[in-house]
């Protein structure tokens, strides 16, 4: 595991204020007994109290431990130490591992072993497993038929009357779906509660979504006729995840994997990071990371870096979700992202993807030679003059980086809009 | 009506009130028999969803034309310099005013080194410059062609294409008070002519406000207009004219005031040389026209107030002439009468009369008067003021702020010494925004910056700012080397 860049440290901050606080501490003054090895970075930071805070960081996981009372992970002390370490201003390798860091690493190792032991020890009780599955299916069946009745009611009374319902009406429906173990569907319904009030095209949006939900209930009822991949796509849309243990055992695909772009979001409770990679065969996969509560998200792979590792793919249609099954080794950076396509071609790809998996709402696109225009929500325009609107676009940054000149752009095509995630400027991949 | 429109109508109203449309046969759809109206509508909604998403077409771009940015000739700043700028823009380690100065310094150094702001930092820099006008003038040439292009783009989108106008041309049109002030600043003679021409058509308030704008750059040529304003109907206009004429010891009014003042002053030589001052009598019409308050109809007239108006209107030479000596002699003869000295100080202040100001400052510290001294002299007086240990008036901060930078060693040391004293917090807080900018690097050897910081928060902060500011400046120079 090599050193981290400062950018990577900044990415790992839980919020802006932690980073601001960390920058103030990122000077040698308050630090003592710092050191690092391949896995750990440690140090003591003199705070306002008498005893200095003991900070240990496992840079491979990454995991953070600090004796301060902060409930942020990583806390400002850990961030400050990482900043110093990334700049080479402290925590040089060579020092003997501090006791507190050693103890913590040992505890973590012990816990991990115990966990593995437990899962290995767990005798597979086939009968109990089948019973659990049958129970879940029964619950989902009931939930789906309840939901399709609700859709019927929605259509009978009309969308206009649904709009006059308060948020809690939508929340109530979502809660019932969660109880029926259909959290994916529940999320969509919950967000509709605000969309019907926030969107100008709310009626069309609700109508088409209701149609999609209806199709999902129909597909679930007829799931025996679906192929394995189709069923997997449907499961993801409904919110019945495929356990990663099942995936880990499947065939592993060798790298190098080129990071195309990443997007981070947070709903307050759970942080999510999705990173798009392209493999040596040109196939695109997406890796999802989640972190809840105090955990930190996995360090992001910056767009344009090559990662040497193997991935296993979840079932489903392309682009498939994947997870890394080996340690991620840096494999250099790429001068570009590959050959992009035109806007028309990107829309054709989306069209084909919808035909294969009508539940999927997001498609990776690599567009060649597009210009950015700041009008309204922002637009990208390809060489023949076809334009697509942008969403969540950092317009100032896009304009500053491109200067209105054509660039290759990677992004997510969603609901007819492109969310730009990375650009190629002068032989370098940059994140706007 | 198209199928989709019909579908929307049915869905909005509900199948309870409006039937589901017939499925589009030309899409090859044949609906199952015997389904409920709701199911028929939902089936078609699902079809519409897939059809919409599978049949998206790109928008045209005829209305989306932008001329791309020109090429940047100079290379981007080196990585270390870029990191410094990024730090200053996103997480400034010093206060806002200091940050602005450091950003300016960055831009200047970059321009001198033939480097430019890296493109990715332009948005944050331009956003900052948008809210801090002091920065806006320093952006070129460091922001390069890309920066210019972004600025044009912002202007185009925010101002609908109205370009900047010639300020003189704008101000010359009759209009707001601000326009007039601008004109007066840019072209005093033209402003005077304009005011004279418009005089009759303006309200009293407007006349007073426009006349007031003359204060900033009063000239001898303004006198006829001011003299005429003494006869104005409105009291506020007359008062403004009096205020302005007080600035002009060579005016006709000053000569009239001198004639009123001189007979009131008599020099007595025993027991030692001093003034014997008589108060003025009942002011005649000419005196009232010159601003001397008329006697009230009832009650006692305030002769002292009338006397002070005369002092402020008359030339100061009356005093030296009568006393037969320089200002110091006059002040020595007035030692017991501090109210008269106050009036003389005010008069010397508004006239910027240096010999008088110096003499008055020898008598007592007066922050107001200090402001009129040339930089170096002012600095010496401030050093004296800081060393006295007496409570500092709030005007000191302004005076320190106005001094040419960097300060000399003596003043720098005096300020730092004072900050270390028990009441240093006030000085630290009052100068926090600019003190680091005023000190030379040599001052950094001062004990205040080398030992344990004091307990007071404001002191600690300003001393920390000084160290940080100078260390960033040093790094900045090195980063571009």
Check: Counting just the residues of segment A:8-37 that are touching a strand residue (DSSP E or B) at 6+ places or on another chain (Cβ under 8 Å) and away from every other protein chain (no Cβ under 13 Å), which one comes out surrounded by the fewest Cβ atoms within 10 Å (Cβ to Cβ)?
Finding: A:32
Check: Which of the following residues is in contact with a helix residue (DSSP H, G or I) (Cβ under 6 Å, 6 or more places away or on another chain), within 13 Å of chain B (Cβ to nearest Cβ) and surrounded by fewer than 17 Cβ atoms within 10 Å (Cβ to Cβ): A:163, A:212, A:199?
Finding: A:163
Note to self: If I ask for residues that are assigned to a loop (DSSP other than H, G, I, E, B), in contact with a helix residue (DSSP H, G or I) (Cβ under 9 Å, 6 or more places away or on another chain) and more than 18 Å from residue B:370 (Cα to Cα), which ones from segment B:407-436 would you list?
What the structure shows: B:421, B:432, B:433, B:434
Checklist line | Matching strands (runs of 3 or more DSSP E) fully within segment A:313-408 where at least 2 residues are farther than 24 Å from residue B:57 by Cα | finding: A:320-324, A:329-333
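Checking the condition loosely packed, with under 15 Cβ neighbours inside 10 Å, facing another protein chain (nearest Cβ under 9 Å) and within 26 Å of the chain's Cα centre (by Cα), which residue from A:346, A:355 passes?
Result: A:355 is the single residue among A:346, A:355 that is loosely packed, with under 15 Cβ neighbours inside 10 Å, facing another protein chain (nearest Cβ under 9 Å) and within 26 Å of the chain's Cα centre (by Cα).
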Check: Checking residue A:375 against (1) more than 13 Å from residue B:65 (Cα to Cα); (2) surrounded by fewer than 20 Cβ atoms within 10 Å (Cβ to Cβ), which single condition isn't satisfied?
Finding: (1)
Next item on the list: Return the total of residues in segment A:392-417 being crowded, with 17+ Cβ neighbours inside 10 Å, more than 11 Å from chain B (Cβ to nearest Cβ) and more than 19 Å from residue B:150 (Cα to Cα).
Entry: 5
Margin query: Being facing chain A (nearest Cβ under 7 Å) and in contact with a helix residue (DSSP H, G or I) (Cβ under 9 Å, 6 or more places away or on another chain) is true for just one of B:64, B:107, B:42, B:4. Which residue is that?
Written below: B:42
Checklist line | All positions within segment A:247-268 that are exposed (fewer than 12 other Cβ atoms within 10 Å of the Cβ) and free of Cβ contacts under 8 Å to residues at least 24 places away in the same chain | finding: A:265, A:267, A:268
Next item on the list: Sort out which residues of segment B:368-406 are part of a loop (DSSP other than H, G, I, E, B) and either in contact with a helix residue (DSSP H, G or I) (Cβ under 7 Å, 6 or more places away or on another chain) or under 19 Å from residue B:433 (Cα atoms) (or both), and write them in order of number.
Entry: B:371, B:372, B:373, B:392, B:393, B:394, B:403, B:404, B:405, B:406
Notebook entry, point to check: Within segment A:295-303, is even one residue more than 15 Å from the chain's Cα centre (by Cα), more than 20 Å from residue A:422 (Cβ to Cβ) and at pLDDT below 90?
Noted result: no
Notebook entry, point to check: How many residues are more than 30 Å from the chain's Cα centre (by Cα), within 17 Å of residue B:294 (Cα to Cα) and surrounded by fewer than 17 Cβ atoms within 10 Å (Cβ to Cβ) if we restrict to segment B:231-255?
Noted result: 4
Item checked: Considering residues of segment B:4-23 that are crowded, with 19+ Cβ neighbours inside 10 Å and free of Cβ contacts under 8 Å to residues at least 40 places away in the same chain only, the residue farthest from residue A:163 (Cα to Cα) -> B:21
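Rundown of residues vs (1) modelled with pLDDT of 90 or more; (2) in a helix (DSSP H, G or I); (3) within 22 Å of residue A:328 (Cβ to Cβ), yes/no style:
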residue: A:205; (1), (2), (3): yes, yes, no
residue: A:209; (1), (2), (3): yes, yes, no
residue: A:212; (1), (2), (3): yes, yes, no
residue: A:219; (1), (2), (3): yes, yes, no
residue: A:232; (1), (2), (3): yes, yes, no
residue: A:240; (1), (2), (3): yes, no, no
residue: A:275; (1), (2), (3): yes, no, yes
residue: A:287; (1), (2), (3): yes, no, yes
Notebook entry, point to check: Where residues in segment A:324-343 are touching a residue at least 60 places away in the same chain (Cβ under 8 Å) and surrounded by 19 or more Cβ atoms within 10 Å (Cβ to Cβ), which of them is farthest from residue A:283 (Cα to Cα)?
Noted result: A:334
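The values are calculated or read from the model by the stated rules, or taken from the named source; none is laboratory data. This one's a predicted model, so the numbers in the text were calculated from it and none came from an experiment. Cβ atoms come from the backbone with ideal geometry, glycine included; neighbour counts cover every protein chain shown.
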